[in-house]
Amino acid sequence: MTDNNFASVTETLDGFGGYDAVPREILEKAAARGTTVHKGCHAYGMKLWTPELKQCQSDPELKGFFESFRLWFDEYVETVIACEIELTDPVNRIKGHPDLICRLKQEPNPVGVDYKTPVTVQKTWKMQMAGYCHLARPTWPDLKRFFCLQLDRAGRIAHARVYDRQAQDVAVFVQAARVFNYIHGR
């Protein structure tokens, strides 16, 4: 367990998402959907049975997203290394929970994956992946790629939006986290 005074990767980027014009009810519904889908995907990847997994397999609002993940996972994932693990940077007081660290078939190095349910790519995704790369580097120095796995509502195989671990992106994320912590007195 970490100090609650650590800023999360997503928390540091909240102000850059451009969601101010979206009605609160829509954001809350999307967040609830995303949480359940994430939990169902986590359970599937870890070979666990959970109520969320059952819900993702049967609820028409969630089934397509889950099937999209399942098709991708079964096709590409060789080994699950970690799911929803907490990673921290105590120097910069940052924490994050990437959805999946795994080895893909035909690839020697681990990759990081973050599941996404929005239809359109969000401008903060690249920075979020840079934040996770920064946090994962001490534990998995051979982790070469981190990507968003954009799940499809209709159940077609998910699309990987790859963000290579670029030094500039990581440096910009760390600076954004430092500014966030400074403003919030952390």
Packing-based exposure ordering (other Cβ within 10 Å, fewest first) of K123, K95, K144: K123, K144, K95
Average Cα contact separation per residue, the chain, under 8 Å, 6 or more apart, as relative contact order %: 23
Most mobile of F16, F147, F65 in a GNM of the chain (Cα contacts under 10 Å): F16
Partner aspartates and glutamates for K126 [C-alpha distance under 14 Å; skip if fewer than 8 residues away on the same chain]: D14, D114, D164, D169
Neighbour cut-off at most 14 other Cβ (10 Å), DSSP loop, trypsin sites (Lys or Arg not before Pro), the stretch 30-87: K47
Likely footprinting exposure, D14, D114, fewest C-beta neighbours within 10 Å first: D14, D114
All lysines inside 26 Å of K54 as judged from Cα atoms, apart from same-chain residues fewer than 8 positions distant: K29, K39, K63, K116
Gain in span if fully extended, K123 to A32, counting 0.36 nm per residue against the direct Cα distance: 30.7 nm
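Which FRET efficiency, nearest 0.05, do N5 and K144 yield, Cβ-Cβ r, R0 35 Å?
Numbers: r = 32 Å, r/R0 = 0.90.
Working from the Cβ atoms, E equals 0.65.
Give me T79, T120 sorted ascending by neighbouring Cβ count inside 10 Å, so fewest comes first.
Going from least to most buried by this count: T120, T79.
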Computed FRET value (nearest 0.05) for K47 with I183, which takes r as the C-beta separation and R₀ as 35 Å: 0.25
Principal axes of the chain: Cα extent on each, largest first, Å: 45, 44, 29
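At 0.36 nm per residue, minus the direct Cα-Cα distance, what do Q57 and F16 gain on full extension? Give it in nm, one decimal, please.
Stretched fully, the Q57-F16 segment lengthens by 11.4 nm.
Where a number appears in this text, it was derived from the coordinates with a stated rule and is not lab data. Owing to the predicted nature of the structure, the values given are computational and were not obtained by experimental measurement. Glycine gets a Cβ as well: all are built from the backbone with ideal geometry, and neighbour counts include every protein chain shown.
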